[in-house]
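See structure below.
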Amino acid sequence: MSRIARHFNPAFVVAAAILILALPHIAANEYELRLITLLLIYAIIALGLNVLVGLTGLVSLGQAGLYAIGAYTAAIFATRLGVGLVPGLILGMALAGAFGVLLAYPTVRVRGVYLAVVTIAFGIIVENVAIEWDSLTGSWVGISNVPAPTLLGLPLDTNAYFIVVGASALIAFLVNLNLMNSRFGRAMRATAQSEIASRSLGINVAAIRTLAFVVSAMAAGAAGVFYVYLNKYISPDIFSFADSVRFLLMVILGGSGTALGPVVGASIMTYLPEYLQAFGPWQSFAYGLLLLAVMFILPRGIVGSIEVLVSSRMAEARPETGHEERPRLADIVAVNPADGSACLDARGVSVAFGGLVAVDKVDETVDSGKIHALIGPNGAGKSTFLNAISGVYRADSGSITFLGQETTRLNSHQLARLGLARTFQNTELFSEMTVLENVLVAFHKEYRSNFFSTICRLPSFQRDERHFRQAAMALLAYVGLSAYAHEKAENLAFGHQRQLEIARALALSPRLLLLDEPAAGLTHTEIENLIALVRDLAASGITILIVEHHVELIMEISDHVTVLDYGELIASGSASEVQTDPKVIEAYFGSQTFGDGPAPAAGIESGEG
Amino acid sequence: MSAALQYFLAGLGIGGIYALVAIGFHIMWSSAKAVNFAHGDTLMLGAVLTIVFLDHGIAMPLAILLSIGVAIVFGVLLERVAIRPFADHAASIGWMLTTIAIGIMLESYATIEFGAFARPLPSPGVDKPIIIFGAGVFIQELLIPFVAVLIVVLLGLFQRRTQLGRAMRAVAFNRVAAGIVGINVLHVAMFSFALASALGGLAGILVAPVIQASATMGLLLGIKGFAVAIIGGITSAPGVVIAGLLYGIIEKFVDGYISTAAREAVGFSLVIVVLMLFPQGLFGRRELVKV
Amino acid sequence: MSKFSISAAIGGAAVFATAIAIGTGPVNAAEANPCIGNSGPVTGPAAFGGKSIRMGAEMAVDEINAAGGVLGKKLKFLQYDARGAPPRGVDNVRRIGLKDNCVAMLGGYHSTVALAMRDPIHEIKIVYVGVIAANTKVIENGRNPNYMFRVSAKDRWVSKFLVAEALKRSPNNKVGIMYENTGWGKGAYPNIQAALREQGTKEVGAETFNWRDTDMTPQLIRLRKAGAESLVMWGLDREGNQIMRSLQKIGWNPVKIGAWGFAGNLGELAGKLANCALIMQTYSWMGKLEPQAQKLYDTMKKRYGVKSQKDIRMGSGVADAYDAIHIIAKAIGIAGSYDRQKVYEAMFKVKHKGLVMNYDPAFERTEERHDAILPSAYKLTAWYNGELLPVSQTPCK
């Protein structure tokens, strides 16, 4: 996944173009040329599906339905109105894309295997409509007499048509490649790996998924249109559930999430039936066996497995962490000097799960530029409160105001865009992406270049990409991770993972940073570093709300401490005030019996700050 | 009136079939958060093998037992080979494709060995229809939904009263926590697949007298049974049975009052609508995101 | 080596491997190769249809080759799987015509596949001889020259045949239609309607059913309400069985007359419920066989694992394919060349005494007579206690 091509390579395009132009002359006969055309059509659908499955992590078992929509649109317009190839393509892709939007809508609420059922149902509905809407689709008899394709009024013979399809497949390949290596591709992979972290970085997950569905649907639609003009005949039989499985298999077999995998998978799946014919009645058995073998031997697919093999051989020695000078945060991202006003104001916030009230009418004000701590025994509702103000959960009652704006009903990605950033108790990194990419994801909303200029690699995209790569590298230097920029996030040591989460959150130029137990699992030295980092953040003007069990840390850095117990606010004041509050002592030692000696959390009294 | 009753009874029979398939999906899902996508072929295995054993002169009760035995072995092997190695991956593509692959192989092999023709499985339940207010129905068709309901009741008792059953419930609720308290999660998964396959084989034998046994009988049953399990809420056994029965009855009424042609489009549109309104299915348990 | 060039190398290798893989196969020549192709169901629920064609065709090819082949060359029979999907049939035509460069081809089981193949067959100009699929428009397609021939039933003729038999048994001429919702059933429906019009009447109702439907009571209730006395049925055994059971459920016993899709194992599936269901066929391997048929039956027992006469599924397909290959071989002989155009012309000159009937001549130059088997060769049989017998051998009327 991480080993994808990063740079647009003109030599490859030229080589591919020469091959496409030469193939009609190399091909032994018309049948062979048609087969290669079919291969390229399958490559288009597989490349599109790769965006959905490989990048966005959504499984579609209804791709044949979208393929059918493109095919029937072109066939109906061509046979009834004599529409040519290009308008047919536009219509087919537009309609398939529209259905892509419809299909994406359930992903807002429906997940995983449930989503697979939605796509299966969609495929079956399309097949059923194609069978039953006799007057339009010709039912089982299908649509024949499709005229020869025309381009700008000129009829295309088999050779010319092959070149048109070849060029289109090349374009599809480049779109896939450029998409993959762009903020959109990164956002897609991010939503696949951690939806919740993506939201917290301001990514509109529903919009990104819709984009992925539309791209894959349009590719399927285009493939359907090309198929109609190749075969000059369609019927419902080739748009069945088994065909959706076949398309998915192309992506998996070649290597899902890789640039070339879909093309390789499509090649194999096009030629395979030709050779399987030799098995007579056993051919579907052989097909099943092959499918099983691929899943076992090459779970990452052919290209994916090769890339893993090659990259592990090329793996360089781990870089040494040099002691770098911490750059000034204000030089990297926009920071606003604190003005002393209330940054966050929560009034009477309650969150309940079923009958259990996790947070009960909590009032909390966080002043800007201050370090504010939230403590309490396990199960006191600290994380729930944090989730409520960051939009992960919705408060059942009460109101939340952020920077003077009522935000009670906002989603976490909307809050992130307002400048509320956070880290997670159990780190939520995009573990399959590199350290640098993790930070780049957070810059998603800052890019000015749009989808079109991104895909076409226009100068505005190049400018943005260069700028934010530099900014991301600087942020890594700020937290001391620049040596690991190209390392996979999951390979980082735990302490480094926590630092990366902070760097990622900083990319949002936050006004308020929520740290959920940032010291958990850190070594003593790492905690020292963390304290220095948090102080520097506050000094740069970022307001901090920190949930932590580590009392020394709290006492050392907090300007203000709030204590929760059983979902209720029991104390609030300066560190030294709460330390001596009887209610707090009661909460930590009170009625609970720990047996002999003080509980581990009893460090409350031994504060050194 | 008698037409409506006829549709209702016929729908109950067909819905019972979907319910039986869906229970298998429920059991597998609860233990492994993965299912045999080709569970329909387990039904085929039960039905086809029973006929093959009968052909070899084995008596009916023994033939049924033997077929269910083979189905159990199949389920255990499938869990070991096609599910377990792929259960760790968050993306569910792995086990979907491996089980589909095994389904393709099974169906293909059965077509070659058993033949492509459908064959009858004799049963006293389909000798003569009984007539209720002018609507005819075979005993077998009423038996199927009855057995589906019975299985849910027995499954519920089993899961409450026995050690193994309670372990199943614990694993269904939280795999990791169940493992921590000392439940052998892998054994539970194996047992669940064995149970699901046994019930699948039994279901195949029960439905074959009505729909006939053939190598390809499983495909559509599997897809519909899975869809039904999902809209019923795959975490709830009573939920999937209720959804199955309702789906069958709705299908027959669409057949009767709208048109045979509209059946699949209406049925599967309903599936999508239900999932949009109830993302966890009608009776499913909502899973909370925790960070 | 940059990461991209690795991917590029893999891709380049894949694309070039593909390019090399295509470097085989002969170039189109005036003389075609001595092979006869077939596209039919080899896998899937209709695989028995593909097998029946293969048995008939291979037995004929073996006989011809044993006698020295045609024009000194041994014939070859190539079968490709269409699995009932028309687009795959279209692919197969191109493979047979362009890559294998065969002299002629048979066509398979499904009517939808046969209909779809008309276009590529006329592009390539290769003789097609259908051996099972009976849809009228496969052959009567308005093209001239018309490369589509058939040694099988024709739905239009079958419809007339069945409607006449149905009306004989319906005192008030009230006929209902039950047809499967497939290309075959939908193609036959207008033929049945036309046959009824010709007899001065019309159907009281027409209902459809899908493959794998398990209950047909709604459709049958509607037909009974419309007053049908007899049912003309178009479908296959599995669904035929459900019709029989649904009839029993609603307590109705009209006259049942069906096309040859019910000639497989309806009697086995429905048992006594199928008794006196009347079925049209072109050929039957049941009962006592003529010496030539007996010889073929023995070969099937030896080579194809056939154990009894009942094991010959879609027996008409075996006989049709067997006759079709002999007719094609004779046409090549008359043409004196493997040139496809000459073989096409020679098809009209073939006379052949075959298994199904005496083809004299096999084809004529009218569109209607691109069908070799004439209605006079159609047989009406009846299911009785699990066996499909000539009506005269049963108590049925």
Pairs needed: first member in segment B:136-157, in a helix (DSSP H, G or I); second member anywhere, of a type in the set (Ser, Thr, Tyr) and surrounded by fewer than 21 Cβ atoms within 10 Å (Cβ to Cβ); C-beta distance under 8 Å; at least 6 residues apart or different chains. B:GLN140/B:SER123
Quick one: which helices (runs of 4 or more DSSP H) sit completely within segment A:1-106 and have at least 2 residues that are within 13 Å of chain C (Cβ to nearest Cβ)? A:10-26, A:30-50, A:63-81
Within the group C:GLY44, C:GLY68, which residue is assigned by TED's automatic domain parsing to the domain that holds C:GLY97 and modelled with pLDDT of 90 or more? C:GLY68
From the list B:LEU65, B:LEU20, pick out the single residue that is modelled with pLDDT of 90 or more and surrounded by 24 or more Cβ atoms within 10 Å (Cβ to Cβ). B:LEU20
Before we move on, is B:THR111 at pLDDT below 90, hydroxyl-bearing (Ser, Thr, Tyr) and either in contact with a His (Cβ under 6 Å, 6 or more places away or on another chain) or crowded, with 19+ Cβ neighbours inside 10 Å (or both)? yes
All but one of (1) facing another protein chain (nearest Cβ under 9 Å); (2) surrounded by fewer than 24 Cβ atoms within 10 Å (Cβ to Cβ) hold for C:GLU58; state the number of the condition that does not hold. (1)
Only one of (1) facing chain B (nearest Cβ under 9 Å); (2) closer than 27 Å to B:GLY11 by Cα does not apply to C:ALA274, and that is (1)
Kindly evaluate B:ILE102 against the criterion of being facing another protein chain (nearest Cβ under 8 Å), under 30 Å from A:GLY301 (Cα atoms) and either at pLDDT 90 or above or surrounded by fewer than 17 Cβ atoms within 10 Å (Cβ to Cβ) (or both). yes
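Here is a yes/no grid of residues against (1) under 17 Å from the mean Cα position of the chain (by Cα); (2) buried (at least 21 other Cβ atoms within 10 Å of the Cβ); (3) farther than 30 Å from C:LYS225 by Cα; (4) touching a residue at least 12 places away in the same chain (Cβ under 8 Å):
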| position | (1), (2), (3), (4) |
| --- | --- |
| B:ILE14 | yes, yes, no, yes |
| B:GLY24 | yes, yes, yes, yes |
| B:GLY75 | yes, yes, yes, yes |
| B:ARG80 | no, no, yes, yes |
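Would you say A:VAL164 is more than 9 Å from every other protein chain (Cβ to nearest Cβ), modelled with pLDDT of 85 or more, surrounded by fewer than 22 Cβ atoms within 10 Å (Cβ to Cβ) and under 40 Å from the mean Cα position of the chain (by Cα)? Lay out the reasoning, then the answer.
On the way: more than 9 Å from every other protein chain (Cβ to nearest Cβ): yes; modelled with pLDDT of 85 or more: yes; surrounded by fewer than 22 Cβ atoms within 10 Å (Cβ to Cβ): yes; under 40 Å from the mean Cα position of the chain (by Cα): yes.
So A:VAL164 passes the test.
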So B:ILE130, is it crowded, with 16+ Cβ neighbours inside 10 Å and either away from chain C (no Cβ under 14 Å) or more than 27 Å from A:GLY280 (Cα to Cα) (or both): no
Could you go through segment A:177-199 and let me know if any residue there is within 14 Å of chain C (Cβ to nearest Cβ), farther than 23 Å from A:VAL215 by Cα and small (Gly, Ala, Ser). no
What's the number of the only condition in (1) within 14 Å of chain B (Cβ to nearest Cβ); (2) assigned to a helix (DSSP H, G or I) that C:VAL42 fails to meet? (2)
Can you tell me which residue in segment A:107-121 is nearest to the other protein chains (Cβ to nearest Cβ), limited to those that are farther than 19 Å from A:SER244 by Cα and among the aliphatic types (A, V, I, L, M)? A:VAL110
Residue that is farthest from the chain's Cα centre (by Cα), among those in segment A:536-583 that are of a type in the set (Val, Ile, Thr) and not in a strand (DSSP E or B): A:THR580
For A:ALA98, state whether it is buried (at least 24 other Cβ atoms within 10 Å of the Cβ) and at pLDDT 85 or above. no
In segment A:333-363, residues that are surrounded by fewer than 21 Cβ atoms within 10 Å (Cβ to Cβ) and under 24 Å from A:ALA538 (Cβ atoms) total 12
Just to verify a result, which residue in segment A:283-310, among those that are surrounded by fewer than 20 Cβ atoms within 10 Å (Cβ to Cβ), touching a Ser or Thr at 6+ places or on another chain (Cβ under 9 Å) and more than 7 Å from every other protein chain (Cβ to nearest Cβ), is modelled with the highest pLDDT? A:ALA286
Among C:ASP311, C:ASP323, C:ASP298, C:ASP360, which is touching a Leu at 6+ places or on another chain (Cβ under 9 Å) and either under 30 Å from C:ASN265 (Cα atoms) or free of Cβ contacts under 8 Å to residues at least 60 places away in the same chain (or both)? C:ASP323
For segment C:83-136, which residues satisfy the criterion of being aliphatic (A, V, I, L, M) and assigned to a helix (DSSP H, G or I)? C:VAL90, C:VAL93, C:ILE96, C:LEU98, C:VAL113, C:ALA114, C:LEU115, C:ALA116, C:MET117, C:ILE121, C:ILE124
Identity of the residue in segment A:223-249, at the interface with chain C (Cβ under 8 Å from one of its Cβ atoms) and among the hydrophobic types (A, V, I, L, M, F, W, C), that ends up farthest from B:ILE100 (Cα to Cα): A:ILE234
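If I ask for residues that are over 28 Å from C:ARG150 (Cβ atoms) and modelled with pLDDT of 90 or more, which ones from segment C:252-272 would you list?
C:TRP252, C:ASN253, C:PRO254, C:VAL255 - these are the residues of segment C:252-272 that are over 28 Å from C:ARG150 (Cβ atoms) and modelled with pLDDT of 90 or more.
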A:ARG466 passes all but one of (1) buried (at least 17 other Cβ atoms within 10 Å of the Cβ); (2) closer than 21 Å to A:PRO327 by Cα; (3) basic (Lys, Arg); which number fails? (1)
Is there a residue in segment C:92-107 that is among the hydrophobic types (A, V, I, L, M, F, W, C), at the interface with chain A (Cβ under 9 Å from one of its Cβ atoms) and closer than 19 Å to A:ILE234 by Cβ? no
Would you point out which residue out of A:LEU500, A:LEU481 is crowded, with 22+ Cβ neighbours inside 10 Å, in contact with a Leu (Cβ under 8 Å, 6 or more places away or on another chain) and free of Cβ contacts under 8 Å to residues at least 60 places away in the same chain? A:LEU481
Considering segment C:78-97 alone, what residues qualify as being more than 16 Å from the chain's Cα centre (by Cα) and either at pLDDT 90 or above or closer than 15 Å to C:ALA133 by Cβ (or both)? C:LEU78, C:ARG88, C:VAL90, C:ASN92, C:VAL93, C:ARG94, C:ARG95, C:ILE96, C:GLY97
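The values are calculated or read from the model by the stated rules, or taken from the named source; none is laboratory data. In this text the structure is predicted, and so the values were computed from the model without any measurement. Glycine also receives a Cβ, built like all others from the backbone with ideal geometry; neighbour counts cover every protein chain displayed.
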